[in-house]
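The values are calculated or read from the model by the stated rules, or taken from the named source; none is laboratory data. Since this is a predicted model, take the numbers as computed values, not measurements. As a convention, Cβ positions derive from the backbone with ideal geometry for all residues, glycine included, and neighbour counts pool all protein chains shown. Please note that ligands, DNA and RNA were not included when accessible areas were found on the heavy atoms of the full protein model with its side chains. Shrake-Rupley method; radii C 1.70, N 1.55, O 1.52, S 1.80 Å.
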Amino acid sequence: MDEVITLEKKKKKRGPFIAGLLVLALAIVGVVSIVMSVVSFVESKTDKSAEYAKYADYLTWVVGVDPDPFSDITKANKDSLRNIAVCSLLDDDVKTGAYTVTEKGLEVPAADVEAHYYAMFGNESPIVHGNVVGYGYEFIYDVSKNIYLVPLTGVTPPFTVRIESVDKTGGFIVLRIGYVSTNNIEVAPDGTVKAAQPDKYADITLKEAGDGYNLISVMTVTTGEYEE
């Protein structure tokens with residue numbers, strides 16, 4: 001299956017859902033968290049806003065890591081999947097709050113990374129442990145201690161999530177996602193987000209798994225002009 005989908009001009013049937021600026025930051029108490037500065041539903045609130053927020057939360061670091069496209073999880077780059085899993089795990093303030101902090105950084109147990117990896121991606125693409133290298137950050141895997149060392153620094157992912165559409169069939173969800181550059185997001189003093197157009201689009205397929213999702217595919221989309 002091709003990993004690029006080309007579409008003709010498409011009308012927007014509904015306003016997009018924007019998960020605004022997301023920052024991975026290490027608090028002074030040593031707890032790593034992802035701070036969602038803005039989560040804005042462009043339409044007026046509906047019963048689906050909570051569901052959209054759940055999608056956006058899951059996709060935060062799928063979009064933030066920006067892996068190469070793949071039509072099946074078994075074809076995904078495992079370095080990218082590991083990167084996504086570690087960064088997503090660091091969103092859990094309760095869990096990370098219990099981790100040891102040393103002068104080298106936060107010690108994240110590889111067992112926790114592994115559990116989070118399989119929760120996000122299922123069992124069809126086994127994890128391969130190793131260093132994590134992303135946009136402006138690197139987490140070292142210490143094989144002797146079986147931990148990941150997360151430096152006491154902050155990271156801003158290059159893109160954030162904008163949900164353009166959702167198509168649910170059975171237990172599968174296909175989301176048209178706009179990748180909005182975090183450099184282009186402006187937040188007003190009242191918390192509103194200035195409209196920013198995505199740099200690119202992808203169709204991301206998820207499969208419902210318990211009370212969460214498993215990532216199935218990320219397919220690049222080239223589109224014509226979007227009508228406002």
### Task
Please compute the net charge surrounding Leu175, taking Lys and Arg as +1 and Asp and Glu as -1 over other residues with Cβ under 10 Å from its Cβ.
-1
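So which of Lys145/Lys200; Lys54/Lys75; Lys95/Lys207; Lys145/Lys168 end up more than 31 Å apart by C-alpha?
Values: Lys145/Lys200 40 Å; Lys54/Lys75 25 Å; Lys95/Lys207 25 Å; Lys145/Lys168 43 Å.
Over 31 Å apart, Cα to Cα: Lys145/Lys200; Lys145/Lys168.
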### Ordering of 111-120, 202-211 by packing [mean C-beta count within 10 Å, highest first]
111-120, 202-211
### Highest to lowest packing among 82-92, 152-162, scored as the average C-beta count within 10 Å
82-92, 152-162
### Query
Using 1/(1 + (r/R0)^6) with R0 = 30 angstrom and r between the beta carbons of Glu138 and Thr222, what's the FRET efficiency to the nearest 0.05?
0.40
#### Entry: Ser80 accessible area, assembled protein chains, probe 1.4 Å, Å²
20 Å²
